[in-house]
Every structure is written in structure tokens, then in C-alpha cells.
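The structure under discussion appears below in the form of C-alpha cells.
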Amino acid sequence: KAGVTQTPRYLIKTRGQQVTLSCSPISGHRSVSWYQQTPGQGLQFLFEYFSETQRNKGNFPGRFSGRQFSNSRSEMNVSTLELGDSALYLCASSLAGAGEGTQYFGPGTRLLVL
Amino acid sequence: AQSVSQHNHHVILSEAASLELGCNYSYGGTVNLFWYVQYPGQHLQLLLKYFSGDPLVKGIKGFEAEFIKSKFSFNLRKPSVQWSDTAEYFCAVQTGANNLFFGTGTRLTVIP
């Protein structure tokens, strides 16, 4: 079974721009979660989507948004980029149930904001 | 709010030494517990997990972890490390929702 895939793998943007990251979960997985990983803050939860609905949200500003499609693929969007948004963005998928899903991570998209 | 503490930021061991990485969490309810590993240049991989039952769980590559509920701990152990175990190790807690709360990670360097 193919793992979680994320595109693009690397991205360079400038302040004020917006960016869209894509994640394809493991086949059959309906939950997709997004995390931000930085050296200073570690791994922080952004949001989770299940059946095209945001089921859970972390403590990030509204510039960070996402969506999920009927095939469970998910996209994450960051608008009005700031230097501090430079990070590794990880996507994780799990089968379904809230609080009972082992999450499997993709390789991440490394975003650099200049 | 939930929090996860990993006490060791960087651990340096010689090959064949024993390893124990500490993880404590703060949450009063039922939790699922995980250890993930991130090898250099690779993505986060699941090492082992605890949902319920036997508090001593075994994972891949000879790793094991023990859940001690009274201490809110889930320490990772390996009796004899190898150079290939050099990586960053993350403890994570899952509560009623699906998201994970991660510790800050422990970097392990194994010297051949």
C-alpha cells in the first residue's frame, strides 16, 4: 500500500504571498491531519479533516486553512505568508475514528518564506 | 491543556549501550500513547503505540515502552542501541480527538 504523499516537497515563497500544499492519504484512510514542524516550536497540530469536514482545529491564525475532497485528498492553504511560516508541514492520515486512529505521516513539504 | 514532556533533548550513547528516553504527559483522562522516530532525511515513522491492555508494548527494531499510569509516563527503552538508531524520537499523546500532542523530541546520537 502506498504511503502518504505530499506535494510539493520544497517551496520558496516571499512574504505576503499565499501557498497551497497538497496531501494524498493512504488508500482507505478518511482522516487527514496537518502539522507544522519548526525547530523552535516543535510539532504543532493545525487541523484535521474527516469526510470533507474540519473535525478539529489547533491554535493557528485564520491565515491557515484547509479542505478535504471526496476522495479524502486534502489541501492546506496559507495566505499572506510571514517569515515565521517557514517550516516543515506534515500531513498524516488515519483510518477514521476520533481518538483511536494511528496516524501515518508523509514526508512533508518544506516551505521557506523570504 | 494537554502537554507532553521529553526530558532529554540530546542523548549520546556508544553502540551496545542501553537506552531509556523519558516521556511524561499531563492529561487526566484516557490517552493513547505513541513513539515516533525521524531518521535523518526521512519522514516520521511509527515506532510503537499503546491503546490499552498490557502496559509493556513492543515496537519495531527492538524498541519497547512501558506505560505507567500513576506516573503519567511512557518511557522508551532499547537494551542495546546500534549506530542506525541515530535519529530524533518523539513521544505523542492522543486524547479524545484524533490529533496528537507531541513532545519536543529527543535527539539520539549513537557513536560506533
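The values are calculated or read from the model by the stated rules, or taken from the named source; none is laboratory data. For clarity, every value in this text was computed on a predicted model and none was experimentally measured. Note that each Cβ is placed from the backbone with ideal geometry, even for glycine, and that neighbours are counted across all protein chains shown. Quick note on the areas: whole protein, heavy atoms, side chains included, nothing else; ligands and nucleic acids left out. Shrake-Rupley method; radii C 1.70, N 1.55, O 1.52, S 1.80 Å.
At 1.4 Å probe size, put A:Glu82, A:Glu48 in order of accessible surface, largest to smallest.
A:Glu82, A:Glu48
Once a ≥ b ≥ c are taken as the square roots of the eigenvalues of the Cα gyration tensor of chain B, is the result rounded (a/c under 1.5), prolate (a/b larger than b/c) or oblate (a/b not larger than b/c)?
prolate
Kindly state, to the nearest 0.05, the FRET efficiency for B:Lys71 paired with A:Lys57, given R0 = 41 Å and r defined as their beta-carbon distance.
0.85
Indicate the gyration tensor shape class of the range A:65-114 (rounded, prolate or oblate), computed on the Cα atoms with a ≥ b ≥ c the square roots of the eigenvalues: a/c under 1.5 is rounded; otherwise a/b larger than b/c is prolate and the rest oblate.
prolate
Over chain A, with a Gaussian network built from C-alpha contacts below 10 Å, which listed residue (A:Gln68, A:Gln36, A:Gln18) shows the highest mean-square fluctuation?
The residue that fluctuates most here is A:Gln18.
Once you keep just the Cα pairs under 8 angstrom separated by 6 or more residues, what percentage relative contact order results for the range A:13-73?
29
Using 1/(1 + (r/R0)^6) with R0 = 22 angstrom and r between the beta carbons of A:Gln41 and B:Asn8, what's the FRET efficiency to the nearest 0.05?
Calculated value: 0.70.
What's the magnitude of the charge dipole for chain A around its Cα centre, counting Lys and Arg as +1 and Asp and Glu as -1 at the beta-carbon? Answer in Debye, nearest 20.
180
So, in nm, how far is label B:Thr104 from label B:Ser26 when the simple model puts each one 7 Å beyond its Cα toward the Cβ?
Calculated label separation equals 1.4 nm.
Could you calculate, for the range B:1-61, the ratio of the Cα radius of gyration to the Kirkwood radius, expressed as Rg to Rh?
Here the Rg-to-Rh quotient is 0.98.
Averaged over B:101-109, how many beta carbons belonging to a partner chain fall within 10 Å of each residue's beta carbon?
2
Net charge within 11 Å of B:Ser84 by Cβ-Cβ distance, Lys/Arg positive one each and Asp/Glu negative one each, not counting B:Ser84 itself?
-1
Shape call for the range B:66-110 from the C-alpha gyration tensor, a ≥ b ≥ c root eigenvalues: rounded (a/c under 1.5), prolate (a/b greater than b/c) or oblate?
Oblate, since a/c reaches 1.5 and b/c is not below a/b.
Using a 1.4 angstrom probe with every protein chain in place, what is the largest-first accessible-area order of B:Lys69, B:Lys61, B:Lys49?
I get B:Lys69, B:Lys61, B:Lys49, largest accessible area first.
As a test of the definition: which semi-axes, in Å, follow for the protein assembly as shown when you take the square root of five times each eigenvalue of its alpha carbon gyration tensor? Largest first, please.
Over the Cα atoms of the protein assembly as shown, the ellipsoid semi-axes are 29, 20, 16 Å.
Say we join alpha carbon atoms closer than 10 Å with springs in a Gaussian network model of chain B; which of B:Ile12, B:Ile68, B:Ile60 then has the biggest fluctuation?
Looking only at B:Ile12, B:Ile68, B:Ile60, the biggest GNM fluctuation is shown by B:Ile60.
In a Debye calculation with equal point scatterers on the alpha-carbon sites of chain A and no solvent, what is log10 I(q)/I(0) at q = 0.16, 0.19, 0.23 Å⁻¹?
So the normalised log intensities are -0.66, -0.93, -1.33.
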